[in-house]
1. Tell me, which residue of the stretch A:297-327 that is in contact with a helix residue (DSSP H, G or I) (Cβ under 9 Å, 6 or more places away or on another chain) and of a type outside the set (S, T, N, Q) is surrounded by the fewest Cβ atoms within 10 Å (Cβ to Cβ)?
2. Name the helices (runs of 4 or more DSSP H) wholly within the stretch A:108-210 that hold at least 3 residues that are free of Cβ contacts under 8 Å to residues at least 60 places away in the same chain, open to solvent by less than 20 Å² (accessible area, probe 1.4 Å) and within 14 Å of another protein chain (Cβ to nearest Cβ)?
3. Away from chain B (no Cβ under 14 Å) and open to solvent by less than 50 Å² (accessible area, probe 1.4 Å), is that true of A:ALA280?
4. Would you check if B:VAL77 is surrounded by fewer than 23 Cβ atoms within 10 Å (Cβ to Cβ), farther than 29 Å from B:PRO165 by Cβ and of a type in the set (Val, Ile, Thr)?
5. Name the residue that is farthest from B:HIS192 (Cα to Cα), counting only residues in the stretch B:41-70 that are open to solvent by less than 10 Å² (accessible area, probe 1.4 Å) and either in contact with an Asp or Glu (Cβ under 8 Å, 6 or more places away or on another chain) or modelled with pLDDT under 90 (or both).
6. Please go through the stretch B:107-136 and pick out each residue that is among the small types (Gly, Ala, Ser), within 14 Å of chain A (Cβ to nearest Cβ) and open to solvent by 20 Å² or more (accessible area, probe 1.4 Å).
7. (1) open to solvent by less than 50 Å² (accessible area, probe 1.4 Å); (2) more than 14 Å from chain B (Cβ to nearest Cβ): which one isn't true of A:ARG253, the others all being true?
8. Residues A:ASP235, A:ASP242: which one is closer than 27 Å to A:GLN178 by Cβ and assigned to a helix (DSSP H, G or I)?
Amino acid sequence: MAALLRGLRAGRLLRGLPSVVAAPASTNQQCSSLRRSFHCAALRLQDESKSDKSSASSSSSSSSSTTHHEHYQAHSSHQDTEAASQQDPDPNSSDREQDEEYETEEQLQAQILAAALEFVPLHGWSMEAIAAGAESLGLSSASTGMFPNGSGDLVLHFISQCNSKLTEILAEQHNQVQLGQAERKKTADFLRDAVETRLRMCIPYIETWPQALSILLLPHNIPDSLKHLSTMVDDIWYYAGDRSTDMNWYTKRAVLTGLYNTTELVMLQDSSPDFKDTWAFLDNRIQDVVNMATTAKQMQSTGEAVAQGLMGAAVTLKNLTGLNQKR
Amino acid sequence: MHRAAHTALCDWPQFVKPAMIRQSLRCTGSLQTSSRAYSVIPPPRDREEEEMMHRMLRVDHAGEYGANRIYAGQMAVLGRSRTGPLIQQMWDQEKKHLAKFNEILAENRVRPTALLPLWNLAGFALGASTALLGKEGAMACTVAVEESISEHYNSQIRALMESDPERYTELLQMIKEFRDDEMDHHDTGLEHDAESVSVFLIFALDDRLLNKNISKGSVVLNN
């Protein structure tokens, strides 16, 4: 596995060179000599890449050049520590190196999955899509070995990406309201817009979405999918202004989860233009929720009034029968 | 009340600044209210610390909520008696603690415990049933409950001091203040004839068991 990764990194490093493309570990010899010749240039880049590394984001476009440097830096520092490993290895730099490797591996996985999303309409949410994605990045399709839970990883990656986008949008709206540049929406409208925005992100993959949902329901994927769902619902309510600290916290999130799931299922079977029927369904469900809340409030105030009436009647009776007097 | 809460929730961002000013004006001396410039809880370093903090805050919130309901139960029975004003005064301080924890939970997006309805009923039942045994019963209940709460806060203070006192300065200050308030309630209870031995023993045992189970239960079930 580690050799495979090194091979992959070597492949990425030398992508621009005509001699080597994606290659397994057998090209390590060539790589090391070429690496040493690049070392001086890399030293100049190391400072930049160190500052880049500290603020590394996972978006593939901006980080493709950064990861190139980071891969390189990981290798050059690895080489240096290997060469000097006879002496006392500095624990800080080895930790940092492990962190670098960890980060670049995750970033690499994220990049492969992001590239694989393009092939989902063709191959579905499967290992073939991941293999196609890896190949489109110039890596060998054997890199699907990095994803033991292949289709699950792909779907979860897509979902977490959508959730992050949603959170960004909501935070941006929140800022605008704070700055006074936008009007504050009513809760029902806010929820409606948030759910619609999030569901629209699935539209490009709507053909294969039933498959994605069934993948999410597999037992080993359920914990992760529930976690993503609950953080998304929590974020939506937070930006809707919910600051409750009692049972309302739970009921609100349960209601929104039900809303979101049922609307998602309706969307799968919707064939109207631009999913008009789905948004109409969403409107109706939100209206139901609002009505239920109003009814609950009314019932409670009625109940209180009735209780007070009964208390009054009881006191009156006691007065009439003389039980209230202290004799 | 619901409508007020609803509007308060919906208009939250607009009310942040004036609420802050109102809160600092409402400050009754000792408790330093949080302004938006800093928070009592330091921003978490990593996932682990965040979870630890959230657990702690959740249990504390549950404890204050329970204490609030206990006093409510006592007031429901003894509200119109001679000890009414005394219990009301102690209840008001507990309400302030609960408000503070509500604020912290909302700010830090901490999930409240799912057992809140249970503490609601249990607390009210405990307060009401001990108050039915008269003033001594109510005071004995107060003494036992406040003693367990103080122990709980003390162990939290110890844990925070052991881990990193400088990082948690404001939080430690707040918990120490709350613990001192609870000790005051404990002493008040003792002053007002809680020492009828048999009653006291019964309640000390029951409440200590109950409260240890409450805090352990919340910790276990909410993790």
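The values are calculated or read from the model by the stated rules, or taken from the named source; none is laboratory data. In this text, all values refer to a predicted model and were calculated from it rather than measured experimentally. Every residue, glycine as well, gets a Cβ built from its backbone with ideal geometry; the counts of neighbours run over all protein chains shown. To get the accessible areas, we keep the full protein, side chains included, count just its heavy atoms, and leave off ligands, DNA and RNA. Shrake-Rupley method; radii C 1.70, N 1.55, O 1.52, S 1.80 Å.
1. Going through the qualifying residues, I end up with A:LEU323.
2. No helices (runs of 4 or more DSSP H) qualify here.
3. Here the answer is yes, as A:ALA280 does meet what is asked.
4. yes
5. Residue satisfying both the conditions and the ranking: B:GLU64.
6. Within the stretch B:107-136, B:ALA114 is the sole residue that qualifies.
7. Here A:ARG253 meets the rest and fails (2).
8. Sole residue among the options that is closer than 27 Å to A:GLN178 by Cβ and assigned to a helix (DSSP H, G or I): A:ASP235.
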